[in-house]
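Following: one structure in structure tokens, then a few remarks.
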Amino acid sequence: MEKNHPVNELMASTIQKIRETVDANTVVGDPIVVEDVTIIPVSKISFGFGTGGTELPAKPDKGNPFGGGGGAGVKVIPVCFLVVSGGNVKVLPMAAPAENSVDRIVEKIPEIMTMVTDFKDKKKGKTTDNP
């Protein structure tokens, strides 16, 4: 027979709280109906948890001394909306914010390319106007 250790109880409690927080309705939200259009939110979920403990030295008559703790974190990020209208479904993606410098640079590439193209076009226009 396996002894039920306090760490096991902490882990079970933490996992149960995560289950209560995160379910299928969190990933695919409740539909929002406005006249003949239905909008369904879709999210991405990340979570993590940790539990730990130690048995403390004690006198034999004190029972099973234990010190420990547990914790969890849940992150819900909107990904897109599904828009259902007239038998058609469209996906409206949510633009994720840049998380680091590389992401910010990648986001700026279209803007930079437009600037370069505009600069080249202006330069070509000036050289053809002024032979």
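The values are calculated or read from the model by the stated rules, or taken from the named source; none is laboratory data. Bear in mind that the values here come from a model prediction, so they are computed numbers and not experimental data. Cβ atoms come from the backbone with ideal geometry, glycine included; neighbour counts cover every protein chain shown. Accessible surface areas use protein heavy atoms only, side chains included; no ligands, DNA or RNA. Shrake-Rupley method; radii C 1.70, N 1.55, O 1.52, S 1.80 Å.
One table, with the values for the structure above:
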quantity: First in region 1-19 and small (Gly, Ala, Ser), second anywhere and at pLDDT 75 or above, Cβ under 7 Å, 6 or more apart; calculated: 13/70
quantity: Unmet requirement for residue 41, which otherwise passes all of (1) open to solvent by 80 Å² or more (accessible area, probe 1.4 Å); (2) at pLDDT 75 or above; calculated: (1)
quantity: Residue in region 54-70 that is open to solvent by less than 90 Å² (accessible area, probe 1.4 Å), modelled with pLDDT of 80 or more and touching a Pro at 6+ places or on another chain (Cβ under 9 Å) present; calculated: no
